[in-house]
Amino acid sequence: MRAILSVYDKTGLVDFARGLDGLGVQLYSTGGTKKSLDEAGIKVASISELTNFPEILDGRVKTLHPAVHGGILAKRDLPSHVEQMAANKISPIDLIVVNLYPFLQTISRDGVSLDEALENIDIGGPTMIRAAAKNFPHVLVAVDPADYTMVLDLLRGNKASVEERRKLAAKAFQHVAYYDNVVAHYLDRKENVFGDHITLGLRKVADLRYGENPHQKGAFYAEETFPVPPGLATAKQHNGPALSFNNILDLDSAANVVWDFDRPAIAIIKHNNSCGLATHSDLPEAYRRALTGDPIAAFGGVVGSNRHIDMAAAREIDKTHYDCIIAPSFSQEALTLLGRKKDFRIISLPGICAAQKPALDYRRVRGAMLVQTADAFTEQEFKPKQVTRRAPTPQEWRDLVFAWKAVKHIKSNAIVMAKDETLLGMGAGQPSRVVSVALALEKAGERARGSVIGSDAFFPFPDGVEKAARGGVTAILEPGGSVKDDEVIKVADSFNIAMLFTGIRHFKH
């Protein structure tokens with residue numbers, strides 16, 4: 001029996017090779033893999049001894065040879081293949097152990113040139129993996145060190161079933177497909193964002209206890225493309241049990257909300273919506289104001305901050321029970337205080353607001369995928385137009401901008417009511433916009449007097465504006481574009497409301 005071993009990840013390599021050697025397997029290897037085996041005292045031959053041909057082109061060509069691929073691809077139960085192998089003095093190769101250089105790590109380093117990147121694209125490795133996986137009824141292929149023990153057990157018992165071989169082959173093709181995806185993303189400069197084909201490379205970060213509900217299975221995967229998108233897969237957990245499916249969703253929502261604010265901001269997330277949100281120059285004060293949005297709903301929620309959490313902020317946060325908190329960083333004192341609660345998940349994500357958001361948003365539908373660019377626009381693109389007689393006051397304008405940023409992250413139909421850059425109430429996910437206004441007013445209560453509204457889409461009828469006005473709202477920011485805009489504006493003027501149209505909609509379904 002013959003095997004070729006050529007791996008970048010050398011975890012478990014020596015013990016595995018020693019096990020193969022003990023079974024009488026003839027080992028062949030290349031480069032760093034052969035060096036590791038030589039140093040361990042394991043008998044291993046070079047690929048050149050198998051091919052009777054030297055490595056050429058600075059190592060670019062070493063396994064691309066009929067002695068290698070004829071030995072891998074030959075069907076042992078086909079007489080013509082056996083005859084051709086004999087005629088060409090090719091011996092069968094029964095086991096391929098190959099995993100590929102982490103191309104993503106190479107291109108992620110600062111200052112990596114195109115030439116260096118191209119030199120780190122593996123050719124021989126993927127070719128051997130694909131050949132072995134194609135011929136899996138006759139050849140075993142292992143790309144994951146976690147499978148080495150299983151492969152040894154199969155060989156010792158001479159009991160590698162077709163189904164077990166098939167599973168290894170499928171894993172091998174996934175390994176190559178993932179690798180090729182990273183290379184493709186690096187080379188594709190995205191002149192056309194929506195190409196004819198889109199591939200995603202996903203690496204499992206963790207198995208989860210369950211999905212959204214206990215009867216659903218769940219796992220967490222990191223998207224690995226170039227450039228590497230920032231996100232929770234790179235975050236550090238300092239305290240608390242493992243993150244759940246819903247924890248991750250809410251933490252991502254919290255990070256996305258506070259990302260949009262330049263000033264210190266605190267978001268309190270419940271079921272993917274902001275039940276509390278505020279900005280203030282003083283972070284503890286921002287938290288206190290955010291908590292006023294809905295102190296009852298905040299219990300068991302997720303806190304997000306776009307600033308470092310020091311002891312002053314931690315003391316305020318510690319007064320309420322939360323499941324998770326995410327921030328760029330924490331002082332050691334803050335970690336000690338908050339960490340007293342063993343079930344409190346503390347997550348740091350450096351650059352939570354400095355990093356660029358992923359360019360594309362993916363939505364799964366049955367049997368297909370919807371893809372869109374991220375809902376983002378520059379300050380230069382944001383040019384609301386005054387449509388009522390009265391213009392907003394400077395304070396109203398600040399609150400309107402705050403409400404507009406906040407409503408972007410609320411499920412449609414969405415209404416955000418704000419004052420002093422603090423969320424007072426919101427209506428989320430309602431089929432009727434006027435119902436969303438009513439919910440926001442109910443939550444704001446008496447605080448609604450002198451507040452402003454941000455609406456994610458236009459008011460289709462004047463009733464929503466009238467209800468807001470009677471509740472004490474003094475200014476409204478909405479996209480405009482309804483066939484009844486004139487009636488909506490007329491009602492706003494009748495209540496002396498300042499109204500501006502953004503021309504931009506923020507649906508979030």
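Determine whether residue 352 is crowded, with 17+ Cβ neighbours inside 10 Å and out of contact with any helix residue (DSSP H, G or I) (no Cβ under 6 Å at 6 or more places or on another chain). Against the criterion (crowded, with 17+ Cβ neighbours inside 10 Å and out of contact with any helix residue (DSSP H, G or I) (no Cβ under 6 Å at 6 or more places or on another chain)), residue 352 does not qualify. Screening residue 429 against (1) more than 38 Å from the chain's Cα centre (by Cα); (2) closer than 27 Å to residue 377 by Cβ leaves a single unmet condition, (1).
Just to be sure before I move on: is residue 173 of a type in the set (Phe, Trp, Tyr) and farther than 24 Å from residue 24 by Cβ in the structure I sent? So residue 173 passes the test. Mind checking which pairs have a first residue in the stretch 230-253 that is farther than 18 Å from residue 204 by Cβ and a second that is surrounded by fewer than 18 Cβ atoms within 10 Å (Cβ to Cβ) and acidic (Asp, Glu), Cβ under 8 Å, 6 or more apart or different chains? Close Cβ pairs (under 8 Å, with a partner that is surrounded by fewer than 18 Cβ atoms within 10 Å (Cβ to Cβ) and acidic (Asp, Glu)) amount to 240/343; 241/343; 246/212. Here residue 266 does not fit the description of being out of contact with any Asp or Glu (no Cβ under 9 Å at 6 or more places or on another chain), of a type in the set (Val, Ile, Thr), modelled with pLDDT of 95 or more and not in a strand (DSSP E or B). When you check residue 385 against the structure, is it surrounded by fewer than 24 Cβ atoms within 10 Å (Cβ to Cβ), of a type in the set (D, E, K, R) and within 25 Å of residue 249 (Cα to Cα), yes or no? In short, no.
Within the set 254, 242, the sole residue that is closer than 25 Å to residue 337 by Cα and in a helix (DSSP H, G or I) turns out to be 254. For the stretch 117-128, the criterion of a residue being more than 19 Å from residue 201 (Cβ to Cβ), of a type in the set (Val, Ile, Thr) and either assigned to a loop (DSSP other than H, G, I, E, B) or out of contact with any His (no Cβ under 9 Å at 6 or more places or on another chain) (or both) is satisfied by no position. Does residue 207 satisfy the condition of being among the acidic types (Asp, Glu) and either under 23 Å from residue 25 (Cα atoms) or touching a strand residue (DSSP E or B) at 6+ places or on another chain (Cβ under 6 Å) (or both)? Judged against the criteria, residue 207 is a match. Of the listed requirements (1) part of a helix (DSSP H, G or I); (2) touching a helix residue (DSSP H, G or I) at 6+ places or on another chain (Cβ under 8 Å); (3) of a type outside the set (A, V, I, L, M, F, W, C), residue 304 misses just one: (1). Scoring residue 162 on the criteria (1) touching a residue at least 40 places away in the same chain (Cβ under 8 Å); (2) more than 30 Å from residue 57 (Cα to Cα) leaves a single failure, condition (1).
Part of a helix (DSSP H, G or I) and in contact with a Pro (Cβ under 9 Å, 6 or more places away or on another chain): is that true of residue 147 in this structure?
no
Only one entry of 177, 233, 146 meets the criterion of being among the small types (Gly, Ala, Ser) and surrounded by 15 or more Cβ atoms within 10 Å (Cβ to Cβ), and that entry is 233. Restricting 293, 201, 276 to those that are in contact with a Phe, Trp or Tyr (Cβ under 6 Å, 6 or more places away or on another chain), surrounded by 14 or more Cβ atoms within 10 Å (Cβ to Cβ) and outside the structural domain of residue 178 (by TED's automatic domain parsing) reduces the list to 201.
The values are calculated or read from the model by the stated rules, or taken from the named source; none is laboratory data. On a predicted model such as this, the values are computed, not experimentally measured, just so you know. Every residue, glycine among them, receives a Cβ derived from its backbone with ideal geometry; neighbour counts consider all protein chains shown.
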